Amino acid sequence: MSPRGWAVLTLGVLVVALVLAAALLIPWNRPPAPRADQLAALGELPTEQVARGREFRAALRPGTWTALAVGLLVALALGLTPLGGRLVELAGRPFGGHWAAQAVFGGLAVVLVADLVTLPFAAWRQSVLTRYGLSTNGWGGWAVDLLKSYAVSAVIGAVALLGFYTVIRLAPRWWWAFGAAGAAGLVVLLSFVLPVLVEPVFNRFTPMEQGPLRTELTAMAARDGVPVRDVLVADASRRTRAVNAYVSGLGPTRRVVVYDTLLREATPAEVTAVVAHELGHAKDSDVAVGTLTGALGAGAAVVALYLLGSSRPLLRLADVDSVAQPRAFPLLLALVTVAGLVSAPVQALMSRRVEARADAHALALTGDPAAFEAMQRRLAGINLADPDPPRWEYLYSASHPSTVERIAAARAHARELGR
Ligand SMILES: [Zn+2]
C-alpha cells in the first residue's frame with residue numbers, strides 16, 4: 001500500500017477512535033433542566049442584573065463576531081492565494097531562503113499578520129470591559145499581557161514549526177505519520193507543562209492561606225477521594241473583577257486554582273460550591289479526557305491536512321508544488337482555521353456536558369443546592385453574564401451551561417433531596 005493509502009487508513013482509525021472516545025467519555029445522557037424551570041429561574045433574577053448582563057454581552061457581540069469573520073477572511077486570503085507563500089519567502093530571504101528560516105520565521109510571520117489584523121477588535125473588547133468596570137489592568141497592563149501571549153505563542157509555534165518541517169525533510173513520504181504522532185505528543189506535553197511553565201507568566205499563584213475555609217476545602221477533597229495537592233489562589237484581580245476557578249494540569253502538575261476575586265466577593269459556602277465543581281473535574285479526569293480527545297484530534301488533523309493538502313486545485317490556488325513546502329504553511333493554516341470554526345459548536349457541546357457533570361458532582365458533594373444557586377447568581381452578577389443567552393450564540397460557543405440551566409439543575413437536585 002502507498003503512503004497515501006496508509007494515510008487514509010490511519011485517518012479512518014483516528015476518526016473512529018476520536019468518535020469512540022467522545023461517545024464513551026463525554027456524559028451525553030445529561031440533558032439540560034426543563035425549559036420551564038429555566039424560565040422560572042430567569043424570572044426570579046433581579047431585572048436590573050439581567051438587563052446589565054445583556055447590555056454588556058450585546059456590546060461585546062459585534063466585535064467578537066466581526067473578529068471571527070475577519071480572521072477567517074485573512075486566513076483564506078493568505079492560504080488560498082499566493083500571498084501567504086510570498087510572505088513566507090520574504091521572511092526567509094534575509095537567511096538566504098533557508099528552509100528552516102522559511103519554516104520558523106515565515107510561519108510566525110503568517111500567524112502574526114493574522115493576529116495583527118484582529119488586534120483592533122481585541123482593543124475594542126478591552127475598551128468595552130473597561131467601560132463596564134470588569135477590567136482593572138488599564139491599557140499598559142493589557143499591552144503587556146498581549147506581548148506576553150505573543151511571546152509564549154512564538155516559542156511554542158517556533159518549536160512546532162521547526163519540528164514539523166524537520167520531520168518532513170527527514171521522512172518526505174511518511175512525514176504525516178510522524179507529524180501526527182508529534183502533534184498528539186505536543187498536546188499531551190502542553191497539558192502537563194502549561195500550569196507550571198505558562199500560567200505563571202500571566203499570574204502569581206500562592207497556596208491558599210491557612211484558615212477555616214482552607215481546612216474545609218481540604219477536608220472536602222479528602223472526603224471526595226480526590227488527590228489534590230493544594231488549592232492555589234491566582235492574583236486575577238490585577239486584570240479583572242471577574243470571578244472564576246479552574247483545574248488544570250495532569251498527574252503531578254494537577255492543581256485547583258481559585259481567583260483571588262472569588263475569595264474576596266463570595267461567601268465561604270459559595271467558594272466551597274465552586275471548588276466542589278472543580279473537584280468534579282478532577283475526579284472525572286476531565287483534563288485527561290480533554291487531552292486525549294485533543295491529541296486524537298491533532299493527530300487526525302495532521303493526516304487530514306496531508307491528504308487535503310495534496311489536492312491539486314488547492315495547491316494551485318496557493319501557487320505551491322507540494323504541501324510539504326514551508327510556503328504551503330498558510331494553506332495549512334487556512335484549513336485549520338476553517339476546521340476550528342466548523343468544529344466549535346461540537347466542542348462547545350462536549351464542554352457543556354462535562355461542565356454539567358461537574359455541577360452535579362458539586363451538588364452531590366456539598367449537599368447544599370442553596371449555596372450552589374447563590375454562587376451561580378453571584379458569578380453571573382459579577383461577570384456580567386447573560387443568564388439566558390441567545391440560542392444561536394449558546395449553541396455555537398457556550399462552554400458552560402447557562403446560568404438559568406445551572407440554577408434549574410440545582411433546584412431539581414434540591415427537589416430530589418426533598419427540600
Ligand atoms: Zn468547570
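The values are calculated or read from the model by the stated rules, or taken from the named source; none is laboratory data. Note that the structure is predicted; figures quoted are calculated from it, not measured. Because the Cβ atoms are built from the backbone with ideal geometry, glycine has one as well, and the counts that use them run over all protein chains shown.
Checking the conditions here, which among Ser399, Ser351 is outside any helix (DSSP H, G or I) and surrounded by fewer than 22 Cβ atoms within 10 Å (Cβ to Cβ)? So that I can check it myself, show each step before the final result.
On the way: Ser351 fails: outside any helix (DSSP H, G or I).
Going through Ser399, Ser351 in turn, the sole match is Ser399.
Only one of the listed residues (Thr118, Thr166) is surrounded by 16 or more Cβ atoms within 10 Å (Cβ to Cβ) and under 22 Å from Val303 (Cβ atoms). That residue is Thr166. What about Arg415, is it assigned to a helix (DSSP H, G or I), at negative phi, within 16 Å of the ligand (Cβ to nearest atom) and of a type in the set (Lys, Arg)? The answer is no for Arg415.
For the stretch 344-386, which residues satisfy the criterion of being closer than 12 Å to Glu270 by Cβ, of a type in the set (A, V, I, L, M, F, W, C) and within 16 Å of the ligand (Cβ to nearest atom)? Passing the criteria: Ala362, Phe372, Met375, Leu379.
Picking from residues in the stretch 1-59 that are loosely packed, with under 14 Cβ neighbours inside 10 Å and small (Gly, Ala, Ser), the one that is farthest from Gly309 (Cα to Cα) is Gly43.
Can you find a residue in the stretch 193-213 that is small (Gly, Ala, Ser), in a helix (DSSP H, G or I) and modelled with pLDDT under 95?
Within the stretch 193-213, the subset small (Gly, Ala, Ser) is 211.
Restricting the remaining residues to those that are in a helix (DSSP H, G or I) gives none.
So far as the stretch 193-213 goes, no, none of its residues is small (Gly, Ala, Ser), in a helix (DSSP H, G or I) and modelled with pLDDT under 95.
Arg391 meets the conditions (1) in contact with a helix residue (DSSP H, G or I) (Cβ under 9 Å, 6 or more places away or on another chain); (2) more than 23 Å from Leu76 (Cβ to Cβ) in every case but one. The failed one is (1). Summed over the stretch 311-322, the residues that are part of a helix (DSSP H, G or I), surrounded by fewer than 19 Cβ atoms within 10 Å (Cβ to Cβ) and in contact (Cβ under 8 Å) with a residue 24 or more places away in the chain give a count of 2.
Every test in (1) closer than 28 Å to Ala242 by Cα; (2) more than 16 Å from the ligand (Cβ to nearest atom) is passed by Pro330 save one, and that test is (1).
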